[in-house]
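A.B. asks: My structure is below; once you've seen it, I'll send some questions.
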């Protein structure tokens, strides 16, 4: 649930409150996406990345 | 070392790169933050830094007429991060549909060049696949070859 934010009197109501919450939201969204991903597909993706690294180092 | 100890936890690693977005009108301090999600996976986020040092909400759109330069800088920073931390993978997604579409367009435009150094994967629904232009990805993974 989104936290309610209060805009202090005299500030621009369209200006969101500056803090770390933007970053925290992005990290939470990333975890949400990762949790939704098919684990086998994710493993295969990391395997492809490892293979490309191995091939490029030869 | 048989003394009782308090339980402790490790904080995820966070690595930050800063740069200035400069135009004739203003200079905007930007930061690119890599936040550890799993052992080898980091989320990357682009944010503005306000004068008091706090991070701005990403819903604020900085219109400094230098979007291409900002994105080119972010790409160079990702390259630097993946060079400094070999074996790691970077994950990112737009904070809204417009930004996600922008990322898709930028990657599609440069994909031939990007593939020479990086593996790029796109996410559709529950699945990932090797990045192909014009596919409706909602998030992305990048690792260095």
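Any read-out appearing in this document is the output of simple, stated calculations on the displayed coordinates, not a laboratory observation. For clarity, every value in this text was computed on a predicted model and none was experimentally measured. Cβ sites come from the backbone with ideal geometry, for glycine too, and all protein chains shown count toward neighbours.
A.B. asks: Could you line up B:6, B:137, B:103 from fewest to most neighbouring Cβ atoms inside 10 Å?
C.D. replies: Least crowded to most crowded, the residues run B:6, B:103, B:137.
A.B. asks: Let me ask something additional. Taking 8 Å as the Cα distance limit and 6 or more residues as the minimum spacing, I'd like the relative contact order of the range B:1-96 as a percentage.
C.D. replies: Relative contact order here is 24 percent.
A.B. asks: How high is the FRET efficiency between residue B:124 and residue A:47 when r is their beta carbon distance and R₀ equals 22 Å, given to the nearest 0.05?
C.D. replies: So, using R0 = 22 Å, E works out to roughly 0.70.
A.B. asks: Using a basic spin-label model with each label point 7 Å from the Cα along Cα→Cβ, how many nm lie between residue A:58 and residue A:38?
C.D. replies: Roughly 2.8 nm, to one decimal.
A.B. asks: Per DSSP H run of n ≥ 4, the term is -39500 (n - 2.57); total these for the protein assembly as shown, divide by its residue number, and report the mean residue ellipticity at 222 nm rounded to 500 deg cm²/dmol.
C.D. replies: That calculation yields -12000 deg cm²/dmol at 222 nm.
A.B. asks: Using a Gaussian network model of chain B with C-alpha springs under 10 Å, which one of B:90, B:74, B:28 is most mobile by mean-square fluctuation?
C.D. replies: Taking springs between Cα atoms under 10 Å, the residue moving most is B:28.
A.B. asks: Starting from the Cα-Cα distance between residue B:40 and residue B:79, subtract it from 0.36 nm times their residue separation and give me the gain in nm to one decimal.
C.D. replies: Additional length available on full extension: 12.5 nm.
A.B. asks: Given 0.36 nm per residue, what is the gain on full extension from residue B:110 to residue B:98 after removing their alpha carbon distance, in nm?
C.D. replies: 2.5 nm
A.B. asks: Inside 10 Å of the C-beta atoms of B:6-18, what's the mean count of C-beta atoms belonging to other chains?
C.D. replies: The per-residue average across the peptide is 0.
A.B. asks: Let a ≥ b ≥ c be the square roots of the eigenvalues of the Cα gyration tensor of the range B:80-129; is it rounded (a/c under 1.5), or, if not, prolate (a/b larger than b/c) or oblate?
C.D. replies: Here the range B:80-129 falls in the prolate category.
A.B. asks: Sort chain B into rounded, prolate or oblate with this rule: let a ≥ b ≥ c be the square roots of the eigenvalues of the Cα gyration tensor; rounded if a/c is under 1.5, and if a/c is not under 1.5, prolate when a/b is larger than b/c, oblate otherwise.
C.D. replies: Judged from the Cα gyration tensor, chain B comes out oblate (a/c at least 1.5, b/c at or above a/b).
A.B. asks: Looking only at other chains, what is the average number of their beta-carbon atoms within 10 angstrom of each beta-carbon in A:26-38?
C.D. replies: Taking the mean over all residues of the peptide, I get 6.
A.B. asks: Using only the Cα atoms of the protein assembly as shown, build the gyration tensor, take square roots of its eigenvalues as a ≥ b ≥ c, and label the shape rounded, prolate or oblate: rounded if a/c is under 1.5, else prolate if a/b is larger than b/c, else oblate.
C.D. replies: Here the protein assembly as shown falls in the oblate category.
A.B. asks: Another question, then. What does the structure give for B:43-50 when I average, per residue, the other chain Cβ atoms found within 10 Å of the residue Cβ?
C.D. replies: Averaged over the peptide's residues, the number is 4.
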